[in-house]
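These notes concern the structure reproduced below.
The values are calculated or read from the model by the stated rules, or taken from the named source; none is laboratory data. Predicted, not measured: the structure shown is a model, and the values here were computed from it. Here the Cβ is made from the backbone with ideal geometry for all residues, glycine too, and neighbour counts use every protein chain on show. The area values use the complete protein model at the heavy-atom level, side chains included, leaving out ligands, DNA and RNA. Shrake-Rupley method; radii C 1.70, N 1.55, O 1.52, S 1.80 Å.
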Amino acid sequence: KAGVTQTPRYLIKTRGQQVTLSCSPISGHRSVSWYQQTPGQGLQFLFEYFSETQRNKGNFPGRFSGRQFSNSRSEMNVSTLELGDSALYLCASSPNSGSSYNEQFFGPGTRLTVL
Amino acid sequence: GENVEQHPSTLSVQEGDSAVIKCTYSDSASNYFPWYKQELGKRPQLIIDIRSNVGEKKDQRIAVTLNKTAKHFSLHITETQPEDSAVYFCAAPQRDTGRRALTFGSGTRLQVQP
(Lines give C-alpha, C1' and ligand atoms only; values in the text may rest on other atoms or scores of the structure.)
Protein backbone atom coordinates (compact mmCIF):
# COMPACT_ATOMS: atom_id res chain seq x y z
CA LYS A 1 0.00 0.00 0.00
CA ALA A 2 1.14 3.53 -0.64
CA GLY A 3 2.00 5.50 2.47
CA VAL A 4 0.51 8.71 3.74
CA THR A 5 1.11 11.57 1.33
CA GLN A 6 1.03 15.28 1.98
CA THR A 7 1.00 18.20 -0.41
CA PRO A 8 2.63 20.54 -0.84
CA ARG A 9 5.91 19.54 0.77
CA TYR A 10 7.14 23.11 1.15
CA LEU A 11 5.27 26.36 1.36
CA ILE A 12 6.28 29.96 1.92
CA LYS A 13 3.64 32.48 2.93
CA THR A 14 3.58 35.95 4.41
CA ARG A 15 1.92 37.11 7.59
CA GLY A 16 -1.82 37.58 7.29
CA GLN A 17 -2.24 35.12 4.44
CA GLN A 18 -4.04 31.83 4.73
CA VAL A 19 -2.89 28.38 3.72
CA THR A 20 -4.42 24.99 2.99
CA LEU A 21 -2.51 21.75 3.43
CA SER A 22 -3.62 18.40 2.12
CA CYS A 23 -3.21 14.86 3.40
CA SER A 24 -4.08 11.56 1.73
CA PRO A 25 -4.18 8.66 4.18
CA ILE A 26 -3.22 5.08 3.57
CA SER A 27 -5.94 3.33 1.61
CA GLY A 28 -8.58 1.99 4.00
CA HIS A 29 -7.60 4.25 6.89
CA ARG A 30 -10.46 6.46 7.98
CA SER A 31 -8.82 8.32 10.86
CA VAL A 32 -6.55 11.27 10.08
CA SER A 33 -4.76 13.27 12.75
CA TRP A 34 -2.76 16.46 12.34
CA TYR A 35 0.27 17.56 14.34
CA GLN A 36 2.45 20.65 14.40
CA GLN A 37 6.17 20.16 14.92
CA THR A 38 8.42 23.04 15.94
CA PRO A 39 11.86 23.13 17.58
CA GLY A 40 10.45 25.01 20.57
CA GLN A 41 7.15 23.25 21.22
CA GLY A 42 7.91 19.83 19.78
CA LEU A 43 5.09 17.70 18.40
CA GLN A 44 1.66 19.02 19.28
CA PHE A 45 -1.71 17.52 18.43
CA LEU A 46 -4.00 19.74 16.34
CA PHE A 47 -7.09 17.66 15.56
CA GLU A 48 -8.35 14.31 14.39
CA TYR A 49 -10.99 13.43 11.83
CA PHE A 50 -12.90 10.23 11.36
CA SER A 51 -15.62 9.66 8.79
CA GLU A 52 -15.72 13.36 7.92
CA THR A 53 -16.26 14.39 11.56
CA GLN A 54 -13.81 16.09 13.87
CA ARG A 55 -13.48 13.72 16.80
CA ASN A 56 -10.73 15.31 18.84
CA LYS A 57 -9.23 18.78 19.01
CA GLY A 58 -6.01 20.07 20.50
CA ASN A 59 -5.35 23.37 22.17
CA PHE A 60 -4.88 25.61 19.13
CA PRO A 61 -6.66 28.85 18.24
CA GLY A 62 -9.62 28.91 15.91
CA ARG A 63 -7.39 30.06 13.05
CA PHE A 64 -6.53 26.40 12.68
CA SER A 65 -9.27 24.34 11.13
CA GLY A 66 -9.66 21.19 9.13
CA ARG A 67 -12.01 18.95 7.31
CA GLN A 68 -12.21 15.46 5.92
CA PHE A 69 -13.78 14.29 2.72
CA SER A 70 -15.75 11.14 1.99
CA ASN A 71 -12.63 9.48 0.56
CA SER A 72 -10.86 10.14 3.92
CA ARG A 73 -8.53 12.73 2.43
CA SER A 74 -8.12 15.62 4.83
CA GLU A 75 -7.19 19.26 4.62
CA MET A 76 -6.15 21.71 7.26
CA ASN A 77 -6.40 25.44 6.93
CA VAL A 78 -4.60 28.16 8.81
CA SER A 79 -5.97 31.66 8.42
CA THR A 80 -4.30 34.98 9.23
CA LEU A 81 -0.86 33.44 9.37
CA GLU A 82 1.55 34.50 12.10
CA LEU A 83 5.33 34.11 12.21
CA GLY A 84 4.90 31.52 14.95
CA ASP A 85 2.94 29.27 12.61
CA SER A 86 6.16 28.37 10.83
CA ALA A 87 6.47 24.65 11.42
CA LEU A 88 6.42 21.18 9.99
CA TYR A 89 2.81 20.04 9.75
CA LEU A 90 2.43 16.29 9.93
CA CYS A 91 -0.62 14.24 9.31
CA ALA A 92 -1.03 10.66 10.41
CA SER A 93 -3.57 8.04 9.48
CA SER A 94 -4.72 5.06 11.51
CA PRO A 95 -6.59 1.89 10.64
CA ASN A 96 -9.83 1.05 12.39
CA SER A 97 -8.98 -2.53 13.22
CA GLY A 98 -6.30 -5.15 12.92
CA SER A 99 -2.91 -5.54 14.50
CA SER A 100 -1.95 -1.93 13.69
CA TYR A 101 -5.10 -0.48 15.25
CA ASN A 102 -3.20 1.79 17.63
CA GLU A 103 -0.49 2.89 15.26
CA GLN A 104 -0.39 6.27 13.65
CA PHE A 105 1.35 6.26 10.27
CA PHE A 106 2.87 9.63 9.57
CA GLY A 107 3.21 11.43 6.28
CA PRO A 108 6.39 13.29 5.26
CA GLY A 109 4.98 16.61 6.40
CA THR A 110 4.52 20.04 4.89
CA ARG A 111 7.19 22.57 5.84
CA LEU A 112 5.44 25.94 6.21
CA THR A 113 7.51 29.09 6.45
CA VAL A 114 5.78 32.35 7.31
CA LEU A 115 7.69 35.52 6.46
CA GLY B 1 -4.78 16.88 30.04
CA GLU B 2 -1.94 14.43 29.68
CA ASN B 3 1.57 15.70 30.28
CA VAL B 4 4.61 13.73 29.14
CA GLU B 5 8.15 14.53 30.20
CA GLN B 6 11.16 12.96 28.51
CA HIS B 7 14.82 12.73 29.55
CA PRO B 8 17.54 13.17 28.54
CA SER B 9 17.23 15.68 25.73
CA THR B 10 20.50 14.48 24.19
CA LEU B 11 22.36 11.23 24.57
CA SER B 12 25.69 10.25 23.09
CA VAL B 13 26.90 6.65 23.27
CA GLN B 14 29.63 4.56 21.71
CA GLU B 15 28.65 1.98 19.15
CA GLY B 16 27.79 -1.26 20.92
CA ASP B 17 26.77 0.43 24.16
CA SER B 18 23.21 0.55 25.49
CA ALA B 19 20.99 3.61 25.51
CA VAL B 20 18.10 4.32 27.85
CA ILE B 21 15.49 7.05 27.45
CA LYS B 22 12.93 7.73 30.16
CA CYS B 23 9.48 9.27 30.12
CA THR B 24 6.95 10.10 32.79
CA TYR B 25 3.25 10.73 32.25
CA SER B 26 0.61 12.39 34.37
CA ASP B 27 -2.73 10.72 33.57
CA SER B 28 -3.11 7.46 35.47
CA ALA B 29 -5.83 6.43 32.97
CA SER B 30 -3.33 6.32 30.08
CA ASN B 31 -3.04 2.79 28.78
CA TYR B 32 -0.95 2.92 25.61
CA PHE B 33 2.62 4.16 25.21
CA PRO B 34 4.27 4.31 21.78
CA TRP B 35 7.82 5.25 20.90
CA TYR B 36 8.63 6.96 17.62
CA LYS B 37 11.96 7.39 15.86
CA GLN B 38 12.51 10.38 13.61
CA GLU B 39 15.61 10.50 11.45
CA LEU B 40 16.80 13.83 10.17
CA GLY B 41 14.42 15.19 7.56
CA LYS B 42 12.13 12.18 7.76
CA ARG B 43 8.77 11.35 9.22
CA PRO B 44 8.30 9.85 12.71
CA GLN B 45 8.01 6.08 12.64
CA LEU B 46 6.67 3.81 15.34
CA ILE B 47 9.39 1.50 16.63
CA ILE B 48 7.67 -0.13 19.58
CA ASP B 49 4.67 0.36 21.82
CA ILE B 50 3.35 -1.08 25.05
CA ARG B 51 -0.06 -1.36 26.63
CA SER B 52 -0.73 -0.90 30.31
CA ASN B 53 -1.44 -4.56 30.97
CA VAL B 54 2.16 -5.45 30.12
CA GLY B 55 5.29 -4.55 32.07
CA GLU B 56 7.85 -5.12 29.35
CA LYS B 57 8.00 -5.71 25.62
CA LYS B 58 10.98 -6.59 23.45
CA ASP B 59 11.66 -6.48 19.75
CA GLN B 60 15.19 -7.54 18.88
CA ARG B 61 17.53 -4.83 20.22
CA ILE B 62 14.71 -2.61 21.44
CA ALA B 63 12.70 -2.98 24.63
CA VAL B 64 10.21 -0.85 26.50
CA THR B 65 9.39 -1.13 30.19
CA LEU B 66 6.39 0.32 31.97
CA ASN B 67 5.89 1.11 35.64
CA LYS B 68 2.25 2.08 36.09
CA THR B 69 2.60 2.81 39.78
CA ALA B 70 5.34 5.34 39.19
CA LYS B 71 3.81 6.44 35.89
CA HIS B 72 6.96 6.11 33.88
CA PHE B 73 8.12 4.10 30.90
CA SER B 74 11.51 3.67 29.31
CA LEU B 75 13.05 2.76 25.97
CA HIS B 76 16.11 0.53 26.00
CA ILE B 77 18.30 0.06 22.96
CA THR B 78 21.07 -2.52 23.24
CA GLU B 79 24.11 -2.96 21.01
CA THR B 80 23.61 0.45 19.50
CA GLN B 81 24.59 1.05 15.88
CA PRO B 82 25.26 4.28 13.97
CA GLU B 83 21.90 3.88 12.19
CA ASP B 84 20.19 4.19 15.58
CA SER B 85 21.19 7.86 15.56
CA ALA B 86 17.93 9.85 15.45
CA VAL B 87 15.47 11.72 17.63
CA TYR B 88 13.26 9.48 19.72
CA PHE B 89 9.85 10.54 21.03
CA CYS B 90 7.71 8.89 23.64
CA ALA B 91 3.98 9.54 23.71
CA ALA B 92 0.79 8.85 25.60
CA PRO B 93 -2.81 9.27 24.47
CA GLN B 94 -4.93 12.13 25.67
CA ARG B 95 -7.86 10.93 27.73
CA ASP B 96 -10.99 9.76 25.92
CA THR B 97 -9.53 10.19 22.44
CA GLY B 98 -9.40 6.55 21.43
CA ARG B 99 -5.58 6.78 21.30
CA ARG B 100 -5.82 9.06 18.28
CA ALA B 101 -4.63 12.22 19.98
CA LEU B 102 -1.11 11.72 21.28
CA THR B 103 0.82 13.90 23.68
CA PHE B 104 4.49 13.62 22.81
CA GLY B 105 7.56 14.03 24.96
CA SER B 106 10.07 16.68 23.97
CA GLY B 107 12.35 14.19 22.23
CA THR B 108 15.81 12.72 22.80
CA ARG B 109 18.53 13.19 20.25
CA LEU B 110 20.57 9.99 20.27
CA GLN B 111 24.02 10.08 18.73
CA VAL B 112 25.84 6.77 18.31
CA GLN B 113 29.55 7.31 17.83
CA PRO B 114 31.24 4.72 15.59
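Overview of results
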item	result
Selection from the range B:70-110 of residues that are open to solvent by less than 10 Å² (accessible area, probe 1.4 Å), of a type outside the set (Gly, Ala, Ser) and free of Cβ contacts under 8 Å to residues at least 40 places away in the same chain	B:Arg100
Residue count for the range B:1-20, restricted to those that are farther than 13 Å from B:Ser106 by Cβ, surrounded by 16 or more Cβ atoms within 10 Å (Cβ to Cβ) and not hydrophobic (A, V, I, L, M, F, W, C)	1
Among (1) under 24 Å from B:Gly41 (Cα atoms); (2) of a type in the set (Gly, Ala, Ser); (3) assigned to a loop (DSSP other than H, G, I, E, B) - the single one A:Gly84 does not satisfy	(3)
Criterion (within 18 Å of A:Phe106 (Cα to Cα), touching a Ser or Thr at 6+ places or on another chain (Cβ under 7 Å) and in a strand (DSSP E or B)) met by exactly one of A:Leu46, A:Leu11, A:Leu21	A:Leu21
Those residues of the range A:25-40 which are of a type outside the set (A, V, I, L, M) and within 14 Å of another protein chain (Cβ to nearest Cβ), in sequence order	A:Pro25, A:His29, A:Arg30, A:Ser31, A:Ser33, A:Trp34, A:Tyr35, A:Gln36, A:Gln37, A:Thr38, A:Pro39, A:Gly40
Leading residue by the ranking (nearest to B:Arg100 (Cα to Cα)) among those in the range A:41-56 that are among the charged types (D, E, K, R) and at the interface with chain B (Cβ under 8 Å from one of its Cβ atoms)	A:Glu48
Any hit, the range B:39-61, residues being farther than 25 Å from A:Ser97 by Cα, loosely packed, with under 14 Cβ neighbours inside 10 Å and within 11 Å of chain A (Cβ to nearest Cβ)	yes
Flag for B:Asn67 being open to solvent by 40 Å² or more (accessible area, probe 1.4 Å) and more than 11 Å from every other protein chain (Cβ to nearest Cβ)	yes
